[in-house]
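Colleague: I have a structure here, written as structure tokens, and I will follow up with some questions on it.
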Amino acid sequence: METRTILHIDANAFFASVEQAANPELRGKPIAVVGGHGRTVITTSSYEARAKGVKTGMAIWEGKRHCPELIIVVGDNKKYQHTSTKMNEIFRDYTPEVEAFSIDESWLDVTHSLSIFGNAENIAYLIKARIKYQFDITVSIGIAPNKLLAKLASDMHKPDEVNRDSSRERCTYTGAHANSRALRRR
């Protein structure tokens, strides 16, 4: 039986990252995304806000207690759906076997794509570079022989990492060097 190679791709702080990419004034600042005007629960927060203790599910007042400079952003579901759809289109450039798990997570079975792209790490770094270039957001990618282990691997070293479960090898991503690193691995 053939060993499968599965990638789990998880967009990092997806709603907050999309908002920061769309509005340069929000980049590098602690933001929290809420469901709508008058809503009081934080849907997600940027990594800058998370570093100050702001968590998903917190009331806004509690988030502001942890981080007084927290910027509240009303979510834009059309923007998130558009970005998610376009990301999944990128994934299909590497394999037709794409399973969207949620708006910000997908599994890719790249088993039959390895002969084209060299190895799973090449595919992971190429995808990371395209998403960063096209949307200015980051993703964490886990590589494993099944979906569960790939999901666990993508969660191991967030944000913005590639992790292969079988070897526990940690591959770091260095922004603009993603394409050259992926090509060197061929």
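Rule-based calculations on the coordinates, nothing more; no lab input. As the structure is a computational prediction, the values presented were derived from the model and not from experiment. All Cβ positions, even for glycine, are placed from backbone atoms using ideal geometry, and neighbour counts span all protein chains on display.
Colleague: Cα centroids of the range 1-38 and the range 46-99: how far apart, whole angstrom?
Modeller: Comparing the Cα centres of the range 1-38 and the range 46-99, I get a distance of 4 Å.
Colleague: Non-local amide H neighbours of residue 58 (under 5 Å, H modeled in plane, Pro and chain starts lacking H): which ones?
Modeller: Sorted by chain and number, the residues that satisfy this are 42.
Colleague: Hey, got the dipole for the range 16-75? About the Cα centre, +1 on K and R Cβ, -1 on D and E Cβ, debye to the nearest 20? Numbers along the way, then the final one.
Modeller: Working: 8 positive and 5 negative charges, 32 e Å.
Dipole size: approximately 160 debye.
Colleague: Wrap a convex hull around the Cα atoms of the range 8-102, take a quarter of its surface area, and give that in square nanometres.
Modeller: Numbers: hull surface 26.1 nm².
Mean projected area for the range 8-102: 6.5 nm², to one decimal.
Colleague: Along the charge dipole of the range 16-75, pointing to its positive end and built from +1/-1 on Cβ of Lys, Arg, Asp and Glu, which listed residue (46, 24, 67) has its Cα farthest out?
Modeller: 67
Colleague: Roughly how many debye, to the nearest 20, is the charge dipole of the chain about its Cα centre, given +1 on each Lys and Arg Cβ, -1 on each Asp and Glu Cβ, and no other charges?
Modeller: Working: 26 positive and 22 negative charges, 78 e Å.
With only Lys, Arg, Asp and Glu charged at Cβ, the dipole is about 380 debye.
Colleague: Another question, then. Output the 0 to 90 degree angle, nearest 10, between the alpha-carbon long axis of helix 77-91 and the longest principal axis computed from the alpha carbons of the chain.
Modeller: 10
Colleague: Based on alpha-carbon atoms only, what is the radius of gyration of the chain relative to the globular estimate 2.2 N^0.38 Å? If you can, show how the numbers build up before the last one.
Modeller: Details: Rg = 17.1 Å, N = 186, 2.2 N^0.38 = 16.0 Å.
Relative to the 2.2 N^0.38 Å estimate, the chain comes out at 1.06.
Colleague: Ok, one more. Please report the relative contact order for the chain, taking Cα pairs under 8 Å with a sequence separation of at least 6, and give it as a percent rounded to a whole number.
Modeller: After rounding, I find 26 percent.
Colleague: If you don't mind, there's one more thing I want to ask. Which angle between 0 and 90 degrees, to the nearest 10, do you get for helix 147-156 versus the longest principal axis of the chain when only C-alpha atoms count?
Modeller: With rounding to tens, the tilt is 60 degrees.
Colleague: Need the list of lysines near residue 52 for cross-linking: C-alpha distance under 30 angstrom, and skip anything on the same chain fewer than eight residues off.
Modeller: Output for residue 52: 29, 64, 78, 79, 128, 132, 151, 158.
Colleague: Which listed residue (103, 113, 127) has the Cα farthest towards the positive end of the charge dipole for the range 85-138, taking +1 on Lys and Arg C-beta and -1 on Asp and Glu C-beta about the Cα centre?
Modeller: Farthest along the dipole direction, towards plus: 127.
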